[in-house]
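What follows is a single structure, written as structure tokens, with notes after it.
The values are calculated or read from the model by the stated rules, or taken from the named source; none is laboratory data. All values reported here derive from a predicted model rather than from experimental measurement. Counting neighbours? That spans all protein chains shown, and the Cβs are built from the backbone with ideal geometry, glycine included.
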Amino acid sequence: MNAPGSPYASSPHPPHQKHPSKGANPLRRTSDRIESWFFRFLMLVLALGLPAASVSAGLTAYEASMRVVQAQSAQRQAITARVVSDAEGARDGAEDIMQRSQVRWTGKDGKERTGTATVKAGTPKGVTVRVWLDRDGTITSPPMTADNATATAWLAGGMAAVTVAAGVLAARAGMRRVLDGRRYSQWDAEWDVVEPSWSGRFRQ
């Protein structure tokens, strides 16, 4: 036990200081709290809205594209036609280039018909190729496929995701610009009050 007056004598404990609760920073302004809450809201929108918009847009585009696939498949038919003129442009390394050439086929009525179809460059005369006809018997493009519908769905979903993300970024930038303008105005008003007394200290 330490003697009274000893430098090692025990002293009463200082009063217990309460620690400020998390987020109760006295230096945080109202605008800072608004910005923080708004940012959390935007993150929630991004987390929930982005996948929802992407999936919804993708499914809608896929269903619409599949209706086109079914309609075109019912309205168009593939036939075998014979090339009646050489396709120009057969150069080295250019086998995948497509050229238009005259082709001939036999219609349902037994009559021979001719038309212009797209074939690979360098296709010689007399070769048979596959072409598509519409209901009127006119050469047309191949019908849309399920793979095309899937690709369209992915593209639509990706575009929706980009749109949502861009909207979130634009909203955050807009809110920050508004809050920064308010902060600058408050700083100007406070400086107008403090500046006379502050500058007066240097005149004495």
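Those strands (runs of 3 or more DSSP E) of region 34-143 in which at least 1 residues are of a type in the set (S, T, N, Q), surrounded by fewer than 17 Cβ atoms within 10 Å (Cβ to Cβ) and touching a residue at least 40 places away in the same chain (Cβ under 8 Å), considering only elements entirely within it, cover 77-83, 128-133.
Applying the condition of being among the hydroxyl-bearing types (Ser, Thr, Tyr) and at pLDDT 90 or above to region 27-60 and asking which residue is farthest from residue 160 (Cα to Cα) yields 60. Applying the set (1) under 19 Å from residue 73 (Cα atoms); (2) loosely packed, with under 11 Cβ neighbours inside 10 Å; (3) among the hydroxyl-bearing types (Ser, Thr, Tyr) to residue 184 leaves exactly one unmet item: (1).
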